[in-house]
1. What is the one condition in (1) part of a helix (DSSP H, G or I); (2) out of contact with any Lys or Arg (no Cβ under 7 Å at 6 or more places or on another chain) that residue 143 does not satisfy?
2. Can you say whether residue 146 is modelled with pLDDT under 80, surrounded by fewer than 16 Cβ atoms within 10 Å (Cβ to Cβ) and not β-branched (Val, Ile, Thr), as far as the supplied structure shows?
3. Given the conditions (1) within 24 Å of the chain's Cα centre (by Cα); (2) surrounded by fewer than 15 Cβ atoms within 10 Å (Cβ to Cβ), which single one is not true for residue 174?
4. Checking residue 109 against (1) at pLDDT 90 or above; (2) assigned to a loop (DSSP other than H, G, I, E, B); (3) of a type outside the set (Val, Ile, Thr), which test does it fail?
5. Among the residues of region 208-216, is any touching a Phe, Trp or Tyr at 6+ places or on another chain (Cβ under 8 Å) and among the polar types (S, T, N, Q)?
6. Residues to consider are 198, 204; find the one that is touching a helix residue (DSSP H, G or I) at 6+ places or on another chain (Cβ under 6 Å) and not aliphatic (A, V, I, L, M).
7. Being modelled with pLDDT under 90 and either in contact with a strand residue (DSSP E or B) (Cβ under 9 Å, 6 or more places away or on another chain) or more than 13 Å from residue 41 (Cα to Cα) (or both) is true for just one of 53, 64, 96, 69. Which residue is that?
Amino acid sequence: MRDESKKYIQAQQGGHGTNSGEPTIGINVAALDFSSGNDILPIMWEWEKVIREDRRLTPPALVETQPDEVFATVQFHLAHLDWSFKQGWIDEYAREMATIHTKGTHAARRNVEPVRRISCPSPHPDNESRYCDAMLAIDDADLLAPVLCKRCGTQWTPARLVAVAMSDPDREVWLDAESIGRWVGISDRQVRRVCRAGRVTKRGQLYNVSEFLVARLHHVEQIKKAI
């Protein structure tokens, strides 16, 4: 992730800058801090010091500095990981390492929102007996944002697309659990539970919404019978 974050040091346009209207400094500070080791070394050096003291190893100040200090301390931690797992402070250690990982994920932009896709329900431009069916990427953060189908030229909004798609069980809709839950009024955990029970087709983080609706109806009926 450290190498990946280097690609994002320069601030990018298109949703990753500031929304305040103020000019940016032209640098992605999160990526800069992580790639330079500023978010990594202070935590890992403190824990390396603890490990060296507890295991009576050479103190950090006497260890020859290596060109890549991040790589050196990571290798040290990996070499002593089995021993560290048995120590009373392992929970705190794990939490702080998880903090580094979270910062790295953010800096390397690995936490990108999944793409939601719905097939265009307009009549096909060359055959009105068929649907257009071009796959449209939607963002549920703005349900009224215009979505233009490049195949047939029809303009939609995410809200309208979802409403039309969910009214037709034959439509192909792929959404993540959070979006499905938001639109049907249940939690994303409940969505995943229904999908597992109903063996709903999954593509990455996205679920087939038509299959989900059938599985959920079956799930509700099973609960009613149990009551």
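1. Exception for residue 143: condition (1).
2. So residue 146 does not fit the description; no.
3. Result: residue 174 passes all but (2).
4. (1)
5. Restricting attention to region 208-216, the residues satisfying the condition of being touching a Phe, Trp or Tyr at 6+ places or on another chain (Cβ under 8 Å) are 208-209.
Imposing the further condition that a residue be among the polar types (S, T, N, Q) reduces the set to 208.
Scanning region 208-216 turns up at least one residue that is touching a Phe, Trp or Tyr at 6+ places or on another chain (Cβ under 8 Å) and among the polar types (S, T, N, Q).
6. Details: 204 fails: touching a helix residue (DSSP H, G or I) at 6+ places or on another chain (Cβ under 6 Å).
Of 198, 204, the one residue that is touching a helix residue (DSSP H, G or I) at 6+ places or on another chain (Cβ under 6 Å) and not aliphatic (A, V, I, L, M) is 198.
7. On the way: 53 fails: modelled with pLDDT under 90; 96 fails: either in contact with a strand residue (DSSP E or B) (Cβ under 9 Å, 6 or more places away or on another chain) or more than 13 Å from residue 41 (Cα to Cα) (or both); 69 fails: either in contact with a strand residue (DSSP E or B) (Cβ under 9 Å, 6 or more places away or on another chain) or more than 13 Å from residue 41 (Cα to Cα) (or both).
Only one candidate qualifies: 64.
The values are calculated or read from the model by the stated rules, or taken from the named source; none is laboratory data. Keep in mind it's a predicted model, so treat the numbers as computed, not measured. Every residue, glycine as well, gets a Cβ built from its backbone with ideal geometry; the counts of neighbours run over all protein chains shown.
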